[in-house]
Amino acid sequence: MTRLRYLWLAVLLPLASNAAEPGSELSFEIPTLPGYQRYVRLFEHPGYLAVLLENNDLPLTHSSKLIVRERGREVEAKNIVIRFIGRNGTSYNYEAGVTLGIGSASVTVPVVADFSGLAAGKTTVVARLPLATLIPGEKRERIQSKVRTFANAATQQKLLDYLDRLSKTVPGAGFDGLGEAILLDAYNRGGGPALRGDVGDAVPLSEQWMLILTLAIWFILFPIALIVYRLRRPGAGPA
Amino acid sequence: VVGTGRIDLLSGLFALGAGFLVAFYLVLTSDLSIVARYSPHDDSLYVARAVHLLAGQAFGPYDSRLLVKYPGLSLWMAGTRSVGIPFLISIHALYIAAGLYLAFALLKAGASRWLLLVALALYLLNPITYSEDWMRVMREPLDTSLFVVMAGAIAWVLLRAADGRAWGHLAVFCAAFGFSMLVREESRLLWALLALFIAALAWQTKCLAMPGRRRLVLLLAAVAAPALLAKTGEHALREFVDRHYGATIMHDFGEGEFPRLVAAIRSVESAKDNRLVMVTQERLARIQKEVPAFAPVAERLPKPGPATFSCRLHGVCSEWSNGWMLFWLKDAAFDARLTPNLPAAQDYFHRVRSSIEDACAAGRLRCAPNGDGLLPPMQLRWTRAYVAEGYRLAKMFLAPELFPKVAIPVIDPPKEVRHAFEAMGIPAAAPPPSAILAGIRAALVAPHHLFAGFLLLAALLALALRVWIADRVPLEPIALIGAIVALYALWRLAILAYAAVYLGPFTSRIVFSTYAVAVLVALPFIAETAAAWRRVK
């Protein structure tokens, strides 16, 4: 899941160079290949972006399926939802949230991506987080480091090459044609597990701590508690 | 006299009911026959070894597959064939006899006759006995029946401990235990069954207040006799292999130099980090470069891809998963004429392994050792995979799948394989089953699965309850046998889940043995727990 968040940042704003965070904002300025100007409309469809990543062997998550809604304007993976709200000039507004698993309740934060500097190779993303100032510097550094890992220049170039290649297959079809081509490619790659990498690929231990904790509670602590309770109960003995 | 007459009548009715069930089982499966399948690591291997045994040629000429599976089934086939018993009849007969043996022990222990008849019906109409895997020359049917025999023998020994008539049943246990150890590689898990048996016997003899010396002798015999017989059988088999093939190795896939070679290969660092893939393409390329002796093997290995079994069955498409690659390695070495016999194979695997280790030590290969057996040690980072495999196995245990969903295509057996099957009394082409019987069998599957699954879940809850009140209502033979079966089944599932983390998902036949015993024991065990609970109240 952590990887999903980082990759999401990586999609919009590959490569963080510095971060400035006035008040409740978490802001990243990211060098971006100018070639993405040709596909800027893709940023209105985060769902297509997620599929684009999967088509290039960069799955957002190994353990759950992507759910793409509203022609790609909304994408959900595990309990993370990202929705495109609208744009104001070169500023693209999103809503990123975590579903709580109780009905449709979720916690969301607004995210703004500014593509005005795209021609100059720069994108700015601002997430308006409540109490953003409380996020420790170490955590910010870690986020930046992860974004660099997943959105380096080589990855950006790979995605750009893919988009260029794909757009040649649908000449004159515009953005809609490109979106359909991305989905069609995903479909053609489907039918086998290769789409999400091989079954059995390693999952970071950091994503399994909750499971390990749950197992420890049920298979170690709970039996011990039962035994202690049983031994202390008065009147225990043969009938 | 009236009471005795009533008991006799009830016993007679029970025997009649059991007889009817056996007859129904025989009719129900009467149209089924063994399917001759070309499967060089399974069916046709077992058959070919049996044919050679009967011809006095040991297991036959050495090749890369001869010793990849334990030889117990081949010994069984050769033995039954030599006395003129057809293979399928031997399997049916053992399964029926084992079930009756356990059922009568439960009856003797005080189980309700009517509940026991229901339990016996569940056992005899068990869909696993007319599943695809039961109608092949596979080890599971034999292994299943032997496990039922062991459970029956344990129950009888617990019952007869006090009156000194346990020895015959202990001998039955020893025979089944010793032979089971030669049937499947994971049969070594049966040592845990022996430990549970001894603990139960110690408990039972203590409750019966047996005289100290008699108790000690019985316990010592129960420990020593099965262990000695199992080890003697293993030793004899190793000597046999040594005499005919030049090394005391019973299973050259899991012991000797081959697993050490696999461990050395997987120690080489690789970008691909996948629990199902030990021998990655990257590792092969690096080793091939540093260890020229390995090149002929690496060159012969098939390439991974979307059309491979590895991709279709395990979902590993960019590599070969362990379920295939390890066998390919042995096959490729043999095809390259590097392992023409067992000592040469051991020598070759040893040389390659030493060369890899030398390259690692010299820094020519970057290595990170990860165990020295065929399977790596369990790692915390595979917890999620372990839980997933454990869950999959638990579901199988509650309701085994009868037909694998993604079947490997059935290949017509080559002529020599057909002849081998025919030599063992198995026709190369099985006659089609009866449509009526097939319809009855199909109709039985869903209700059986539903009822048995529910019973097994209830039995697990009953186990927890029975243990909870064990200090107030001591465990008696039915409770003891129920607890032994449940604990052993859980232990086996836990270990198999670990193996599945690295070898990939097992098919349902892996749980046939514990499933068969559990459906027979569950109902009497639940009833006994309910009775014990009432006594506590």
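The values are calculated or read from the model by the stated rules, or taken from the named source; none is laboratory data. The structure displayed is predicted, hence computed values, not measured ones. Neighbour counts run over all protein chains shown; Cβ positions are idealised from the backbone, glycine included.
Which one is nearest to the other protein chains (Cβ to nearest Cβ) among residues in the range B:394-405 that are out of contact with any Ser or Thr (no Cβ under 9 Å at 6 or more places or on another chain) and hydrophobic (A, V, I, L, M, F, W, C)? Once the filter is applied, the top-ranked residue is B:394. For the range B:97-135, residues that are buried (at least 20 other Cβ atoms within 10 Å of the Cβ), under 23 Å from residue B:69 (Cβ atoms) and out of contact with any Pro (no Cβ under 7 Å at 6 or more places or on another chain) total 5. Residues in the range B:244-295 that are more than 14 Å from every other protein chain (Cβ to nearest Cβ), free of Cβ contacts under 8 Å to residues at least 12 places away in the same chain and not acidic (Asp, Glu): B:248, B:288, B:289, B:292, B:295.
The residue list B:352, B:387 contains one member that is more than 14 Å from chain A (Cβ to nearest Cβ), of a type in the set (Val, Ile, Thr) and in contact with a Leu (Cβ under 7 Å, 6 or more places away or on another chain), which is B:352. When you check residue A:162 against the structure, is it surrounded by fewer than 18 Cβ atoms within 10 Å (Cβ to Cβ) and at pLDDT 85 or above, yes or no? Yes. Among residues of the range A:223-239 that are modelled with pLDDT of 60 or more, those with a Cβ under 8 angstrom from a residue that is surrounded by 10 or more Cβ atoms within 10 Å (Cβ to Cβ) and not in a loop (DSSP other than H, G, I, E, B), sequence gap 6+ or separate chain, pair up as A:230/B:468.
So which residues in the range B:251-262 are out of contact with any Phe, Trp or Tyr (no Cβ under 8 Å at 6 or more places or on another chain) and part of a helix (DSSP H, G or I)? Hit for the range B:251-262 is B:262, nothing else.
Pairs linking a residue in the range A:44-67 that is within 14 Å of chain B (Cβ to nearest Cβ) to a residue that is part of a helix (DSSP H, G or I) and modelled with pLDDT under 75, with Cβ atoms under 8 Å and 6 or more positions apart or on different chains, are A:59/A:195; A:59/A:196; A:61/A:3; A:61/A:4; A:62/A:196.
Give the residue that is surrounded by the fewest Cβ atoms within 10 Å (Cβ to Cβ), with candidates limited to residues of the range B:76-96 that are assigned to a helix (DSSP H, G or I) and without any contact (Cβ under 8 Å) to a residue 24 or more places away in the chain. Let's see the steps before the verdict.
Just the residues of the range B:76-96 that are assigned to a helix (DSSP H, G or I), to begin with: B:76-82, B:87-96.
From what's left, without any contact (Cβ under 8 Å) to a residue 24 or more places away in the chain: B:79-80, B:89-90, B:93.
Values: B:79: 14, B:80: 20, B:89: 11, B:90: 19, B:93: 15.
Going through the qualifying residues, I end up with B:89.
Filtering the range B:369-384 to residues that are in contact (Cβ under 8 Å) with a residue 60 or more places away in the chain, away from every other protein chain (no Cβ under 14 Å) and surrounded by fewer than 17 Cβ atoms within 10 Å (Cβ to Cβ) leaves B:369, B:371, B:372, B:373.
For beta carbons closer than 8 Å, sequence separation of 6+ or different chains, a first residue in the range B:159-171 that is of a type in the set (Lys, Arg) and a second that is modelled with pLDDT under 95 and in a loop (DSSP other than H, G, I, E, B), the qualifying pairs are B:160/B:166.
Could you please give the count of residues in the range A:40-79 that are in contact with a strand residue (DSSP E or B) (Cβ under 8 Å, 6 or more places away or on another chain) and either closer than 23 Å to residue A:156 by Cα or modelled with pLDDT of 90 or more (or both)? Matching residues across the range A:40-79 total 20. Of the listed requirements (1) away from every other protein chain (no Cβ under 14 Å); (2) modelled with pLDDT under 95; (3) assigned to a helix (DSSP H, G or I), residue B:455 misses just one: (2).
Only one of (1) more than 14 Å from every other protein chain (Cβ to nearest Cβ); (2) at pLDDT below 80 is not met by residue A:194, so which one is it? The failed condition is (1).
Of the residues making up the range B:483-537, those that are touching a residue at least 12 places away in the same chain (Cβ under 8 Å), within 14 Å of chain A (Cβ to nearest Cβ) and either touching a strand residue (DSSP E or B) at 6+ places or on another chain (Cβ under 8 Å) or outside any helix (DSSP H, G or I) (or both) are B:504, B:505. Scanning the range B:193-220 for residues that are in contact (Cβ under 8 Å) with a residue 40 or more places away in the chain, in a helix (DSSP H, G or I) and loosely packed, with under 15 Cβ neighbours inside 10 Å turns up B:207, B:214.
Which of the residues belonging to the range B:209-246 are closer than 21 Å to residue B:183 by Cβ and among the β-branched types (Val, Ile, Thr)? It would help to see each step written out before you state the result.
If we filter the range B:209-246 for residues that are closer than 21 Å to residue B:183 by Cβ, which is where we start, we get B:225-242, B:244-245.
Correct list: B:232, B:241.
Residue count for the range B:79-113 satisfying the condition of being under 28 Å from residue B:166 (Cβ atoms) and charged (D, E, K, R): 2. You will find that of B:309, B:240, the residue that is within 14 Å of chain A (Cβ to nearest Cβ), under 26 Å from the mean Cα position of the chain (by Cα) and more than 30 Å from residue B:363 (Cα to Cα) is B:309 and no other. The residues in the range B:144-169 that are of a type outside the set (Phe, Trp, Tyr), surrounded by 22 or more Cβ atoms within 10 Å (Cβ to Cβ) and in a helix (DSSP H, G or I) can be counted, and the count is 14. The residues of the range B:263-304 that are polar (S, T, N, Q) and not in a helix (DSSP H, G or I), listed by number, are B:270, B:274, B:280.
If you check B:432, B:477, which single one turns out to be in contact with a Lys or Arg (Cβ under 9 Å, 6 or more places away or on another chain), more than 29 Å from residue B:314 (Cβ to Cβ) and away from chain A (no Cβ under 14 Å)? Step through it out loud before you land on a result.
Values: B:432 fails: in contact with a Lys or Arg (Cβ under 9 Å, 6 or more places away or on another chain).
Result of the check over B:432, B:477: B:477.
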